[in-house]
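The values are calculated or read from the model by the stated rules, or taken from the named source; none is laboratory data. These numbers were taken from a predicted model, which means no experiment stands behind them. Cβ sites come from the backbone with ideal geometry, for glycine too, and all protein chains shown count toward neighbours.
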Amino acid sequence: MARDHTNYGGRSWQPFTILSEFELGQNYLNLSFDTWESMEIFDDGDGPIASLRRSFQIRAEDFSALKGENTQVFEDIEAAALSIVGANGTHYIDFLHLQAGTAVLVLSAVKNVLEDDRIRRVKTGPEFHAIIAANLALVTNVLTLAWTYAQQDECLSKLQTI
């Protein structure tokens with residue numbers, strides 16, 4: 001029997017869910033989803049309903065399988081991230097952490113050779129929003145990858161999404 005998310009715990013509401021964190025490293029992917037009671041509460045900057053936060057940690061064989069099934073998506077994410085940090089073809093993305101709930105983007109790129117030539121960028125506030133707006137293909141790929149994986153979770157897949 002499906003849960004009625006419009007009457008959860010005796011309270012009537014219209015929850016919605018966002019991908020609040022997308023953290024991609026060389027050998028892992030972390031995903032976190034947050035649910036708020038209403039768009040008004042979210043827009044007012046109030047915190048998430050903690051009991052409805054869902055996090056996924058994809059490691060080892062599971063991560064390898066996910067990368068194998070979504071090779072083009074991962075390549076597109078890396079290409080877009082390298083473009084954002086202004087790295088040329090001699091770098092690869094070491095770390096990408098998109099924190100949508102707090103408007104923070106952390107990118108780290110490393111040179112393909114052994115030289116220590118790391119590029120690290122932290123984008124916040126208006127710059128974060130401008131980067132997101134200018135890189136809708138990156139956002140689409142991140143969301144597609146995250147939601148495809150998360151829909152395997154019965155509770156999360158039943159929530160309304162934006």
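Which one is surrounded by the most Cβ atoms within 10 Å (Cβ to Cβ), of the residues in the range 48-88 that are without any contact (Cβ under 8 Å) to a residue 60 or more places away in the chain, touching a strand residue (DSSP E or B) at 6+ places or on another chain (Cβ under 6 Å) and among the charged types (D, E, K, R)?
E78
Residue pairs, Cβ under 7 Å, 6 or more apart or interchain, first in the range 107-132 and under 12 Å from D94 (Cα atoms) and among the β-branched types (V, I, T), second at pLDDT below 85 and surrounded by fewer than 17 Cβ atoms within 10 Å (Cβ to Cβ). List them.
These pairs meet every condition: V110/R118.
I'm checking my understanding of the structure. Among residues of the range 102-130 that are under 17 Å from the mean Cα position of the chain (by Cα) and buried (at least 17 other Cβ atoms within 10 Å of the Cβ), which one is farthest from T35 (Cα to Cα)?
S108
Would the range 116-124 turn up any residue that is modelled with pLDDT of 90 or more and in a helix (DSSP H, G or I)?
No.
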